[in-house]
1. Could you rank 234, 63, 250 by how accessible they are, 1.4 Å probe, largest area first?
2. When the Karplus curve 6.51 cos²θ - 1.76 cosθ + 1.60 is applied with θ = phi - 60°, which whole-Hz ³J(HN,Hα) does each residue of the range 194-205 get, with x for Gly and Pro?
3. Given H placed on each backbone N at 1.01 Å, which residues far from residue 294 in sequence or on other chains put an amide H within less than 5 Å of it?
4. Between the range 240-264 and the range 156-176, what's the alpha-carbon centroid distance in Å?
5. Can you work out the Karplus-derived ³J(HN,Hα) for every residue in the range 318-330? Use 6.51 cos²θ - 1.76 cosθ + 1.60 with θ = phi - 60°, whole Hz, and x for glycine or proline.
6. If you take every residue apart from residue 215 with its C-beta less than 15 Å away from the C-beta of residue 215, what net charge results, scoring Lys and Arg +1 and Asp and Glu -1?
7. If you count only protein heavy atoms with a 1.4 Å probe, what accessible area per residue comes out for the range 122-210, rounded to a whole Å²?
8. Compute the distance from the alpha-carbon center of the range 18-79 to that of the range 129-149, in whole Å.
Amino acid sequence: MTSAPQESLASQEPPVPDILSPGFAADPYGAYRIMRESAPLIRHEAMNSYIVSRYEDVERVFKDKAGEFTTDNYDWQIEPVHGRTILQLSGREHAVRRALVAPAFRGTDLQEKFLPVIERNARELIDTFRHTGGADLVDAFATRLPVLVIADMLGLDKADHGRFHGWYTTVIAFLGNLAGDPDVAAAGERTRQEFAAYMIPVIQQRRAAPGDDLLSALCAAEVDGVRMSDEDIKAFCSLLLAAGGETTDKAIASIFANLLTHPEQLAAVQEDRGLIDRAFAETLRFTPPVHMIMRQAATDVELGGGLVPAGSTVTCLIGSANRDASRYRDPDRFDIFRTDLTSTTAFSAAADHLAFALGRHFCVGALLARAEVETGVNQLLDAMPGVRLADGFTPAEQGVFTRGPRSLPVRFTPVAG
């Protein structure tokens, strides 16, 4: 790994940890601090990418007001596993496709159609452990809820939950395959074929006999005379499953890990559930589910004190930008009451954290994630009075591209359903 041309890593103290190293995976936040302070632009040879870590640089790339950055990197980064998705589109093509899918994730559809789906699935999961006095919140709830909700939304068979979870886990491994492991790449490409073989017949059935579900709505949606093809819909469903599953499950696990390790803030949320939005927004800043998103430079760009040549991939470190002391006071402290993070805009394109990206590719599912987290946290707190970490357990994050607790065993006072 080498730094921007004008800097020498050999002269820096301490050295910048390699993003692919075990040390980085163990504690990326310490590495992020070093990067922001001494190497805000790094050329990483093995990843064939420039890495930026400061808030102002990541924000600039995402907002892209000058048209300097594209999502052309997704041609090789995600198309092999999803097919061509909305993330790769620009201009009118992107605007039309987004207009086709966005209504399902906001306003009336979200409130009337999908909130009951979220509430029912959360309740059914909690019913399996509410009487026991203990559970692993990752295994018993967080990894399950988003996949079940998406399957229900699309009108798919929830009995296939295991297959969906396996597919999106493999896809996320592909997206995070920064070291280029050929076995991980091959598994991701197999998943694309398996998912297409599963979904295309379902899409064709839904076109012939529509139901009251999101998949039927996508089949029928039309904007300016444009409708989505079977391949368009399959790719969007694949993207929804991976992006909506992996990120939301880590968000749910992380919000509880953060609250359980800050008991006074947990007590405040238990007392006033209106604080859940604040707790979620601060979790997205403090321990975001996705730590890096890539873009591609359309032209030569001055960025982070150096030059990024046209056509280069730029890796934006969200996990670092969200801990930048130039943007947030005492950034390494979890504080749901901080005044420099606006919870009222935290789930919109006006967010001042970067966990959902910004600009025209702001996460279309942000409000769905908010609804899942808010519902899940509320129901869990109701079902788990006196909730606390299992004796002797300290939550630990895992992952580099996406990151969150692998397990979260808790104890609580059992209550009747």
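1. 63, 250, 234
2. 5, 5, 5, 4, 7, 7, 4, x, 5, 4, 5, 5
3. Close amide H contacts, sequence-distant or interchain: 316.
4. 18
5. 4, x, 7, 4, 6, 10, 7, 5, 6, 10, 10, 6, 6
6. Neighbourhood net charge equals -3.
7. That works out to 44 Å² per residue.
8. Computed from Cα coordinates, the inter-centre distance equals 33 Å.
The values are calculated or read from the model by the stated rules, or taken from the named source; none is laboratory data. Since the structure is predicted, the reported quantities are computational estimates derived from the model, not experimental observations. No Cβ is skipped: glycine too gets one built from the backbone with ideal geometry, and neighbour counts run over all protein chains shown. Only protein heavy atoms, including side chains, enter the accessible area calculation; ligands, DNA and RNA are left aside. Shrake-Rupley method; radii C 1.70, N 1.55, O 1.52, S 1.80 Å.
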